[in-house]
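Report on the structure given below.
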Amino acid sequence: ICEDKDGNIWAGSIKNGLTKINFSKSKFYRFVYDEENPNGISNNYIGSLICDNTGNIWAGTPDGLNRFNKKTGTFTIFKNSVNNASVISSNKINCLFEKDSNLWIGTEDGGLNRYNYSEKRFYHFTKENGLPSDNVKAVKTNGDDLWFSTTRNLVKLNLKTNDIVIFGKSDGLQNSMYIKNYGEQQLEFYENFASSDKSGYLYFGGIAGMYIFNPDSLPQNSYRPKVIIKKIKVKDRKSTRLNSSHTDISRMPSSA
């Protein structure tokens, strides 16, 4: 749900599209998918919803990102297009978050997208930019940093430098948990499951529990163990280039 500048409440549902509640008139307005209406909503499953600071309503669905213009009463649908880098990178929307006239969109298989209101185009952050996964589940912010969850990691993106820091199992993320009546559950973050409080703590949840942390004091494991080669085989035959002792790869010449 979200509240627009006029005090209306907007609610997304799993099967019944988008609903606007006008309390002053005690009326409900429903927007559902109609294949014969080119200006209608693209899908009845609303997985994420936001009322932005310009007055538009954004709804994320499994079949595109929808922007509702209250003045015209119509939807604009944003979908992926092959070989067009300026459009959204995936049609399946997991989460929406607004910051500084930019809409951040977490997608399935398309990474993180930033839509700039003035430029009217999308920018992409994917595995090619250093993300651990192209499935972005939930997004929150802390100062100049954007925090988001992927399937099994937490990621910090600095909005000024675009530097990316990934937090995983070696940094303290518990990768599994035993849950009564369900057994051992592997860590997997849920879509749109993120929150924050007045003290600055962030909350991300999913299978195997909810993770609560202060972004300013979250530790990261900086230790990187040496890689040691014990054995090399070529076509199942032992290489004669290594002596009987183990070889420390960090001491090998760069041409090795």
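The values are calculated or read from the model by the stated rules, or taken from the named source; none is laboratory data. Fair warning: this is a prediction, and the values are worked out from it, not measured in the lab. Cβ placement follows ideal geometry from the backbone for every residue including glycine, while neighbour counts extend to all protein chains displayed. Please note that ligands, DNA and RNA were not included when accessible areas were found on the heavy atoms of the full protein model with its side chains. Shrake-Rupley method; radii C 1.70, N 1.55, O 1.52, S 1.80 Å.
Odds and ends about this structure:
- For ILE207, nonlocal amide neighbours, meaning residues 5 or more places apart or on other chains whose placed amide H falls under 5 Å from its own, are GLU188, TYR190.
- Span from the the range 96-127 Cα centroid across to the the range 8-56 one, whole angstrom: 21
- Under a Gaussian network description of the chain, with springs only between Cα atoms under 10 Å, the residue in ILE88, ILE164, ILE105 that fluctuates furthest is ILE164.
- Averaging the sequence gap over all C-alpha pairs within less than 8 Å and six or more residues apart, then dividing by the number of residues, gives the range 1-103 a relative contact order of 20 percent.
- Rounded to two decimals, the Cα-based Rg/Rh of the range 87-171, with Kirkwood Rh, is 0.94.
- Per-q log10 I(q)/I(0), the chain, q = 0.07, 0.11, 0.14, 0.17 Å⁻¹ (Debye; single scatterer per alpha-carbon; no solvent): -0.34, -0.71, -1.00, -1.29
- Length gained when the stretch ILE164-SER101 is fully extended (0.36 nm per residue, less Cα-Cα span): 20.5 nm
- On the principal axes of its alpha-carbon atoms, the range 144-189 has extents of 45, 17, 12 Å, going from largest to smallest.
- Solvent exposure of the chain amounts to 61 Å² per residue of accessible area, where only protein heavy atoms count and the probe is 1.4 Å.
- Stretching SER24 away from ASN214 to a fully extended chain increases their span by 64.4 nm, per 0.36 nm per residue minus the current alpha-carbon distance.
- Backbone HN-Hα couplings from phi across the range 105-112 [Karplus 6.51/-1.76/1.60, Hz, Gly and Pro as x]: 10, x, 10, 9, 6, x, x, 9
- Per residue, the average separation of C-alpha pairs within less than 8 Å and at least 6 apart gives the chain a relative contact order of 8 percent.
- Descending semi-axes in whole angstrom, ellipsoid equivalent of the range 1-120, from the Cα gyration tensor: 23, 16, 13
- Scalar couplings 3J(HN,Hα) for the range 118-129, obtained by applying the Karplus form with A = 6.51, B = -1.76, C = 1.60 to θ = phi - 60°, are 6, 7, 6, 8, 9, 10, 10, 10, 10, 4, 5, 9 Hz; x denotes Gly and Pro.
- Dipole-positive endmost among SER196, SER133, GLY172 within the range 83-219 (Cβ charges, Cα centre): SER196
- For the range 99-225, the average shadow cast by the Cα convex hull is 9.1 nm², which is a quarter of the hull's surface.
- Phi angles of the range 222-232 translate, via the Karplus equation with coefficients 6.51, -1.76, 1.60 and θ = phi - 60°, into HN-Hα couplings of 8, 6, 10, x, 5, 9, 10, 8, 8, 7, 10 Hz per residue; Gly and Pro are given as x.
- Most fluctuating residue given options SER195, SER26, SER170, as computed from a GNM of the chain linking Cα atoms under 10 Å: SER26
- For ASN142, the amide hydrogen comes within under 5 Å of the amide hydrogens of TRP147, counting only partners 5 or more places away or on other chains and with H modelled in the peptide plane.
- Anisotropy class of the range 120-164 from Cα gyration tensor, a/c 1.5 cut: rounded
- Percentage relative contact order, the range 79-118, counting C-alpha pairs under 8 Å, at least six apart: 30
- Between the amide H of ASP109 and those of ASN135, VAL136, distances stay under 5 Å, these residues lying 5 or more places away or on another chain, with hydrogens modeled in the peptide plane.
- VAL234 accessible area, assembled protein chains, probe 1.4 Å, Å²: 90
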